[in-house]
Amino acid sequence: MLMDIRQQALEILNTNRVAIFIVAYNAEHHIESVLYRIPAWVAEKLSEIYVIDDRSTDDTFRKAKQVQWSDRTVPLKIFQTPYNLGYGGNQTLGYRYAIRKGFDIVVLLHGDGQYAPEYLPYILAAYRENVDAVFGSRFLLRGNARKGGMPVYKWLGNRILTKVQNTLLKSQMSEMHSGYRSYRISALKQIPFHYNSRDFDFDADIIVQFHAAGLKIKEVPIPTYYGDEVCHVNGIAYAWKCIRTFIKFRLMNYEIFYDPKFDIRTDHRYIYTRKAATTSLHHYIRNLFIEKGKEVIDIGGGTGEAVSSAQAERGVNITIVDQHAVQNGRFKQHAVNLDEPWAEQFPAKKYDVAFALDVLEHLNRPEKGAEEIFNVLNSGGKLYASTGNIAFFVLRLMLCFGSFNYGRRGILDLSHKRLMTINSFRRLLENAGFQVKKIMGFGLPLRDVNDSSRLLAFLDTISHWLARIWPRLFAFQILAICHRPDSTEDLMEQTFQT
């Protein structure tokens, strides 16, 4: 078994540039032994070993510099931060260094010797399974942690905290609090770890980021060791920070909260997505009665899947204008920069109906956009325009507590240029010349978060009902149904015909 592990580890070492990164703080009694405990056959295949001392208050830096290493082939580099960066800050620095140096894999060791360097072969061998990170776990083997001297309170705390985190993340890791970690550099490049905490909950942040990015973490069993090292972790504060991290991520998935460290997307374009719930704005527009053969312009309609496809199937003539035109043959599409004059970008034509769903708030000048819509509609035409309601009760509560947090979607979408209430949205449309005939409120689209959840279905129904009764307070989205009256030019033409 040991021979197999050695061969597998050598295979990884021979085909990858592997570095060992040692974080050190007040580890003067252990740093030398940690370095010497790295198996010689592993060390000779490494690209580099580097120690970053985080401005220890003891003699760690000098002791590390004095280590006799001249007989080893692997470069050993000792660095010291200009001031104390914290455990997470030190890791951030070390991983940025690994990326700069072009390593393929970096293994994290602790300078206090709590994690056995002798188990490096097991960490490295696991990369044969094409994973993105390998963590050492003290809980994969039953009873291993207690046999290694882990105190009961730490064992219990670790078990409970890991269970809570797994529940929030919907994962199945055996331990989330091991400091024996390694990463592929290609994976680290995909996540914004530079936003992570500078404290010990950095490790919680990076687990969430790997999960969000769809990166694979493998765990391998390691021994548990507790010696005379000094623990610098405040257990209660650390536990709360870890749980808070996972809660923030879960809230961000529901678009209630935003944090850039969890915004892991390959495509940052604004894409208008379809809402399927029967209580949603999209369902209402998809089921509007529009006479067959009528000309409809869908402004910012994306691929048309949200609303236009359903109308096109009933014989309505659809034209979509959007910054990203996707030709599919079912309707006309034009790539248009809505912030620039429209007439210069696609053939001039008059339409009977316009959809402007959740688009005006994205424009630099919504007033100009509303005027452009007015100009492309026939006299007597209809406009269905929607936007988010900044006076939504959830946002009012957030403001009461001093919170105003943008997100990836929703009312506080990062790409929104203008935030509106019912009154300001009505005023915007009326100033453009429209007559606002009706305002409708739509609640939170909770059914679209999870259509199999009875609780969310119940809350969705309540939200929908409240939004209709009191839209100013409970509407998540506002829909304005408008009439396009004759313009002054229309009246001039009708009056002064010759």
Among the residues of region 145-155 satisfying the criterion of being closer than 25 Å to residue 206 by Cα and either open to solvent by less than 60 Å² (accessible area, probe 1.4 Å) or among the aliphatic types (A, V, I, L, M) (or both), which is modelled with the highest pLDDT? 154
Filter result for residue 321 (without any contact (Cβ under 8 Å) to a residue 40 or more places away in the chain, buried (at least 20 other Cβ atoms within 10 Å of the Cβ) and either outside any helix (DSSP H, G or I) or aromatic (Phe, Trp, Tyr) (or both)): yes
Touching a strand residue (DSSP E or B) at 6+ places or on another chain (Cβ under 8 Å), closer than 24 Å to residue 194 by Cβ and outside any loop (DSSP other than H, G, I, E, B) - does that describe any residue in region 27-45? no
What's the total number of residues in region 185-221 that are open to solvent by 10 Å² or more (accessible area, probe 1.4 Å), in contact with a strand residue (DSSP E or B) (Cβ under 9 Å, 6 or more places away or on another chain) and more than 21 Å from residue 163 (Cβ to Cβ)? 2
Within region 1-25, how many residues are in a loop (DSSP other than H, G, I, E, B) and open to solvent by 50 Å² or more (accessible area, probe 1.4 Å)? 3
Single match in 315, 302 (criterion: free of Cβ contacts under 8 Å to residues at least 40 places away in the same chain and within 19 Å of residue 477 (Cα to Cα)): 302
Can you confirm whether region 46-58 contains a residue that is open to solvent by less than 10 Å² (accessible area, probe 1.4 Å), out of contact with any His (no Cβ under 9 Å at 6 or more places or on another chain) and part of a helix (DSSP H, G or I)? no
Yes or no: residue 105 touching a residue at least 12 places away in the same chain (Cβ under 8 Å), surrounded by fewer than 16 Cβ atoms within 10 Å (Cβ to Cβ) and touching a Lys or Arg at 6+ places or on another chain (Cβ under 9 Å)? no
How many residues are outside any loop (DSSP other than H, G, I, E, B) and within 33 Å of the chain's Cα centre (by Cα) when one looks only at region 355-378? 11
Of the numbered conditions (1) at pLDDT 90 or above; (2) more than 23 Å from the chain's Cα centre (by Cα); (3) farther than 19 Å from residue 10 by Cα, residue 158 fails exactly one; give the number of that condition. (1)
Within the set of pairs 6+ apart or on separate chains, which have a first residue in region 66-83 that is assigned to a strand (DSSP E or B), a second that is open to solvent by 70 Å² or more (accessible area, probe 1.4 Å), and C-beta atoms under 7 Å apart? 78/65; 80/55
Can you pull out the helices (runs of 4 or more DSSP H) entirely within region 408-498 that have at least 2 residues that are under 32 Å from the mean Cα position of the chain (by Cα), among the polar types (S, T, N, Q) and more than 26 Å from residue 380 (Cβ to Cβ)? 454-469
Residue match in region 118-126 (condition: closer than 19 Å to residue 224 by Cα, part of a loop (DSSP other than H, G, I, E, B), touching a residue at least 12 places away in the same chain (Cβ under 8 Å) and of a type in the set (A, V, I, L, M)): no
Applying the selection to region 406-423, what residues are buried (at least 20 other Cβ atoms within 10 Å of the Cβ) and either among the small types (Gly, Ala, Ser) or within 16 Å of residue 463 (Cβ to Cβ) (or both)? 410, 411
When you check residue 450 against the structure, is it closer than 30 Å to residue 487 by Cα and exposed (fewer than 15 other Cβ atoms within 10 Å of the Cβ), yes or no? no
Subset of region 161-184 [buried (at least 19 other Cβ atoms within 10 Å of the Cβ), touching a Gly at 6+ places or on another chain (Cβ under 9 Å) and not in a strand (DSSP E or B)]: 175, 177, 178, 180
Would you confirm whether any residue within region 64-73 is of a type in the set (A, V, I, L, M, F, W, C) and buried (at least 20 other Cβ atoms within 10 Å of the Cβ)? yes
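Yes/no matrix, rows are residues, columns are (1) in contact with a Phe, Trp or Tyr (Cβ under 7 Å, 6 or more places away or on another chain); (2) at pLDDT below 90; (3) within 27 Å of residue 264 (Cβ to Cβ); (4) of a type outside the set (Val, Ile, Thr):
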| residue | (1), (2), (3), (4) |
| --- | --- |
| 405 | yes, yes, yes, yes |
| 408 | yes, yes, yes, yes |
| 411 | yes, yes, yes, no |
| 415 | yes, yes, yes, yes |
| 424 | no, no, no, yes |
| 427 | no, no, no, yes |
| 434 | yes, no, no, yes |
| 437 | no, no, no, yes |
| 441 | yes, no, no, yes |
How many residues are over 24 Å from residue 474 (Cβ atoms), of a type in the set (D, E, K, R), open to solvent by less than 60 Å² (accessible area, probe 1.4 Å) and touching a Gly at 6+ places or on another chain (Cβ under 8 Å) if we restrict to region 361-405? 0
I'd like to know if region 118-130 contains one or more residues that are out of contact with any Ser or Thr (no Cβ under 7 Å at 6 or more places or on another chain), within 27 Å of residue 199 (Cα to Cα) and β-branched (Val, Ile, Thr). no
Number of positions in region 169-190 that are at pLDDT 95 or above and of a type in the set (A, V, I, L, M, F, W, C): 3
What number of residues in region 68-125 are touching a Gly at 6+ places or on another chain (Cβ under 7 Å) and hydroxyl-bearing (Ser, Thr, Tyr)? 2
Failed condition for residue 308, given (1) open to solvent by 10 Å² or more (accessible area, probe 1.4 Å); (2) under 14 Å from residue 354 (Cα atoms), with all others met? (1)
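The values are calculated or read from the model by the stated rules, or taken from the named source; none is laboratory data. Since the structure is predicted, the reported quantities are computational estimates derived from the model, not experimental observations. In this analysis, Cβ positions are derived from the backbone assuming ideal geometry, glycine residues included, and neighbour counts consider all displayed protein chains. Protein only, heavy atoms only, side chains kept; ligands, DNA and RNA dropped before computing areas. Shrake-Rupley method; radii C 1.70, N 1.55, O 1.52, S 1.80 Å.
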